[in-house]
Amino acid sequence: MIVPYGHVIVLAGIIFLLGLLCAVTRRNLIMIVLGIEIMLNAGALAFIGASLRWQQMGGQAVALFILAIAAAEVSIGLALIVSVYRKYGTIHVDILEKSTR
Amino acid sequence: MNWTLFQPELYYFMVVMVFLTVSMLNSVSVKTNYYTALISAVIGVAVCTMSLRVNGTLFYNTYRVDLYSQLFKLMLAVGMFLVISVCNKLKSVDDSRHPEFYLLVATATLAMMMLTSAVHLLTIYICLELSSYSLYILVFLRKDQETGVNTALKYFLTGASASAVMLFGFALVYGKFPSIYLADLVESIPRFIDQPSVSIGMLLMLCGFFFKLGVFPFHFWLPDTYEGSANETTTFIATVSKVAAIAIMIRMVALIGGNSVYLIKVLIGISVITMTLGNLCAIAQQDLKRLLAYSSIAHAGYVLLGILCMSPNGYTGAVFYAVTILLLKFTCFMVVISISKKGESPSVDQLAGLHRRSPLLALALMLALFGLAGIPPTIGFSGKLLIFTAAMNNGYFLLVFIAMVNVVISLYYYLLVLKAAYLKEPVDDIQPLHVPFPQKVLTTALIITIVTIGIFPTYLIDLADAAVKYLM
């Protein structure tokens, strides 16, 4: 392995934190879902790094599954966002606050 | 490969396929849907009972079938049957969406069943996601679209973030140990548990399960989701999904082994905060479903107290407590569904005069609330006793003391609900509540079960004991 595992895990950690930051701070629903996707991809990257470290294919398989699961997740998220848009005409996250209670 | 091991899952997969077909046809009546679902749920319970004692592994050892998983599968099947049995009106879901409702309930149950058997990180992740996705859409199906969309979106955003955090924890643990099989991890994790990367990885990993169970840092979704989703969906989330969450929590915490210093402290802190916060918030609630949601959070704290003992007794207590939560919470929500006229979320005051409108339901509610508070002749007492004894044996005296204080606090708001049901005079409608005959039978059966297991818990405790042996 040319790149040491430590570097991969640091990179994955940075990407994960960026995704978390994006999910927490952005006020646009699509950007929040995007942030969650970035977090998932950071996980996939860490899995690939680990699978290279152990010279096993298991981690790579997990990464493939993560891609598929992320696609399913984003399809549910976007479907919800589309119905929010139809209902309110906006995808700003503030609509969640005033609605319940 | 031995397919008989996979029987319950295959059966539920078939049910899913049936409802997938039905949801594509447009001509099936509401009644037919309901009876199809009910009958398939009854057969499901029978199938799970038959395969209670089978043993073995499947799919290159990623899937283990043993008494532990089969016991939880039986609980899930019973839970699904109970939930479907109160769906006869399904007032808050649009009529044309009923097949989808049953489809998603069956999918979620199937996923949770597989979750209890999964012993490979990838299998666990996929099963957890499948069950969560079904629940997101179930919440969305509420007829009152505005509430449905909002609640589902909130639930989705928190759930998806929690599962992403969990996935990163999986990756960290895999980076430390060259295997993703739980069986291998069980051997290697306890020796390295006090290294920061392993501790952090395990903690992140537990986040996803904390979310499912509604434990402190991830409890925010619970009250909103309970209040905002259809009453029947709430029943499903509060009973079946909690049982599955307890099953997987036990499996994951059993990985840590007994000799971790830091992680135990974290779990103790989380458990104390969870039960105190749940009980204190529940006092102020006017909405019955919100109140039950906060009581769910408090109960998650008690379960965690049993799990963090990391001893066979503690796990037995937690398994027993899963049965307790399933029966008692279901009874409460059955009353909620009965008193809600058009499928709205009832307030506590709406219970007024219940003892005259339907004495049977009032009695069931009383027993269920006493059970949740842990008063003796009910199953809830045995559950709490098991957990607290296990914690005492491990020397967590202060923890048990805090839990007991919490039990007293919880008694206050359970009695408030009872006061509304028994002592308060209703303002307008006094006409008796129409309870159909099958529901009367079900309620009586629940009452009998709650009391009988409360008095003779030995059989269930032995079963839980035997199941927990397979974890070690």
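The values are calculated or read from the model by the stated rules, or taken from the named source; none is laboratory data. All of these numbers come straight from a predicted model, not from anything done at the bench. Heads up, the Cβs are rebuilt from the backbone with ideal geometry, glycines too, and the neighbour counts pull from every protein chain shown. Side chains are part of the model used for accessible areas, which takes the heavy atoms of the whole protein and leaves out ligands, DNA and RNA. Shrake-Rupley method; radii C 1.70, N 1.55, O 1.52, S 1.80 Å.
So which trypsin sites (Lys or Arg not before Pro) in the range B:1-100 are both in a DSSP loop and have at most 13 other Cβ atoms within 10 Å of their Cβ?
Numbers: sites: B:Lys31, B:Arg53, B:Arg64, B:Lys73, B:Lys89, B:Lys91, B:Arg97; in loops: B:Arg53, B:Lys89, B:Lys91.
Listed in order of number, the matching sites are B:Arg53.
Taking each pair of distinct Cα atoms in the protein assembly as shown once, what is the resulting Kirkwood hydrodynamic radius in Å? All intermediate terms of the calculation are to be shown ahead of the outcome.
Numbers: mean 1/r = 0.0417 Å⁻¹.
24.0 Å is the Kirkwood radius here.
Where does the Debye-calculated log10 I(q)/I(0) of the range A:5-99 sit at q = 0.10, 0.13, 0.15, 0.25 Å⁻¹, using only Cα point scatterers of equal weight, no solvent?
Treating every Cα as an identical point scatterer, log10 I(q)/I(0) equals -0.34, -0.53, -0.65, -1.19.
Below 8 Å, C-alpha to C-alpha, sequence gap of six or more: please give me the relative contact order for the range B:60-120 in percent. Don't skip to the end; give the middle numbers.
On the way: 27 pairs, mean separation 46.0, N = 61.
Normalised by residue count, the contact order of the range B:60-120 is 75 percent.
Relative contact order of chain B, please, whole-number percent, based on alpha carbon pairs below 8 angstrom and at least 6 residues apart. Write out the running numbers ahead of the final one.
Details: 740 pairs, mean separation 68.3, N = 472.
Relative contact order for chain B comes out at 14 percent.
Under a straight-distance cross-link criterion of Cα-Cα below 14 Å, which aspartates and glutamates are reachable from B:Lys212, leaving out those fewer than 8 residues away in the same chain?
Within the straight-line cut-off, B:Lys212 pairs with B:Glu129.
Over 27 Å between Cα atoms, which of B:Lys73/B:Lys342; A:Lys87/B:Lys342; B:Lys73/B:Lys419 qualify? Provide the component values of the computation, followed by the final result.
Values: B:Lys73/B:Lys342 33 Å; A:Lys87/B:Lys342 23 Å; B:Lys73/B:Lys419 37 Å.
Pairs exceeding the cut-off: B:Lys73/B:Lys342; B:Lys73/B:Lys419.
Of all accessible surface on the range B:90-186 at a 1.4 Å probe, what whole percent is carbon and sulfur? Before the final figure, lay out the partial values.
Values: 1320 of 2120 Å².
Summing carbon and sulfur atoms, their accessible area is 62 percent of the total for the range B:90-186.
Which residues of the range A:60-76 end up with at least 20 Å² less accessible area in the presence of all protein chains than when their chain stands alone, using a 1.4 Å probe?
A:Val62, A:Phe65, A:Ile66, A:Ile69, A:Glu73, A:Ile76
Within the range B:293-389, list the trypsin sites (Lys or Arg not before Pro) lying in a DSSP loop whose Cβ has at most 15 other Cβ atoms in a 10 Å radius. Numbers along the way, then the final one.
Details: sites: B:Lys329, B:Lys341, B:Lys342, B:Arg356, B:Arg357, B:Lys384; in loops: B:Lys341, B:Lys342.
Counting only loop positions with at most 15 other Cβ atoms within 10 Å, the trypsin sites (Lys or Arg not before Pro) in the range B:293-389 are B:Lys341, B:Lys342.
Provide the per residue accessible area, probe 1.4 Å, for chain B, rounded to a whole number of square angstrom.
On the way: 16150 Å² over 472 residues.
Averaged over the residues of chain B, the accessible area is 34 Å².
Kindly report, to the nearest 10 Å², the accessible surface of B:Thr452 as traced by a 1.4 Å probe over protein heavy atoms only.
60
Quick one: pull the percent of accessible area on the range A:5-99 belonging to carbon and sulfur, 1.4 Å probe, ligands and nucleic acids left out.
Working: 3370 of 4770 Å².
For the range A:5-99, the apolar C and S fraction of the accessible surface comes to 71 percent.
At a probe size of 1.4 Å, how large is the accessible area of B:Phe59, to the nearest 10 Å²?
In the full protein context, B:Phe59 sits at about 80 Å².
Helix A:5-25 against the longest principal axis of chain A: what's the angle in degrees, Cα atoms only, rounded to the nearest 10?
Helix A:5-25 sits roughly 0 degrees off the main axis of chain A.
With all protein chains present, how much of the accessible area of the range B:396-452 (probe radius 1.4 Å) comes from carbon and sulfur, to the nearest whole percent?
Values: 2640 of 3370 Å².
C and S fraction of accessible area: 78 percent.
Between B and A, buried accessible area summed over both sides at probe 1.4 Å, in Å² to the nearest 100?
Interface between B and A: roughly 3400 Å².
Please compute the per residue accessible area over the range A:5-99 with all protein chains in place, 1.4 Å probe, rounded to a whole number of Å². Walk me through the intermediate numbers first.
On the way: 4770 Å² over 95 residues.
Per residue, the range A:5-99 has an accessible area of 50 Å².
From the square roots a ≥ b ≥ c of the eigenvalues of the alpha-carbon gyration tensor of the range B:235-299, which class results: rounded (a/c under 1.5), prolate (a/b over b/c), or oblate?
Values: a/c = 6.16, a/b = 1.59, b/c = 3.89.
Since a/c reaches 1.5 but b/c is at least a/b, the shape of the range B:235-299 is classed as oblate.
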